[in-house]
Amino acid sequence: MNKVMTRNSTTRPAPSQPGGRPPVRHDTRRPGGTPRRTAHGPGRTGTTAPPAAMGRAATVPQPRPTDLFADRLLSVLSGQRPVHSMLGHTVGRAYDELARLAARGPLRTRGTRPVVRDIGYFVPRPGAIEAFARIGAGDQLRAMAFRLECGPDHRWRCTAVELGGPRPPRADDD
């Protein structure tokens, strides 16, 4: 049995009582309001309206690969993440160099946590980026350089990494 509430047309609410529905409440945490939903039915899914329809930007800017790798390398060289977390993100001699640098702990600091202050890059050819980052921890400023190459699977991988200072001699058999 379906009950339907109807208002008797002969009785009116008292003047002190509000009539009808209460005013709509707005959630202050949602500037665009509640997203519009579509009806569920056969062959249809319940989706929200696209962000552009709600008055928001349609695309979110994605971070550059240089930004991502600078943060990843910094977290390894400062001891916040283990070296093996970069196994899938490095190729060739870069992993060995990163392991050697991380063992020395060049960016480990007491107190102030190191952060990436600035990143610059150069594109020598399509699919390759040579980047540098300025790393700051308190008053100290260090430099880090790395090279990224895009593989056949369209993923960026680090192929070289260096920190400021003299370079170690290379073995001839590499």
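The values are calculated or read from the model by the stated rules, or taken from the named source; none is laboratory data. Here the structure is a predicted model, which is why all the values come from computation and not from measurement. Reconstructed Cβ throughout: ideal geometry from the backbone, glycine too, with neighbour counts over all protein chains shown. SASA here: full protein model, heavy atoms, side chains in, ligands and nucleic acids out. Shrake-Rupley method; radii C 1.70, N 1.55, O 1.52, S 1.80 Å.
Kirkwood hydrodynamic radius of segment 73-174, from the reciprocal of the average inverse Cα-Cα distance over all distinct pairs: 14.4 Å. So, counting K/R as plus one and D/E as minus one, what does the shell of residues with Cβ under 12 Å around A103 add up to? Here the charged neighbours net out to +1. With both labels modelled 7 Å from their Cα along Cα-to-Cβ, the Q80 to A128 distance reads 3.0 nm.
Ignoring any ligand, DNA or RNA, what whole percent of the accessible area of segment 97-136 comes from carbon and sulfur when the probe is 1.4 angstrom? On segment 97-136, the fraction of accessible area on carbon and sulfur atoms equals 51 percent.
A simple spin-label model places the labels of D153 and V116 2.2 nm from each other, with each point 7 Å out along Cα-to-Cβ. A Förster radius of 41 Å combined with the Cβ-Cβ distance from Q140 to V60 puts the calculated FRET efficiency at roughly 0.75.
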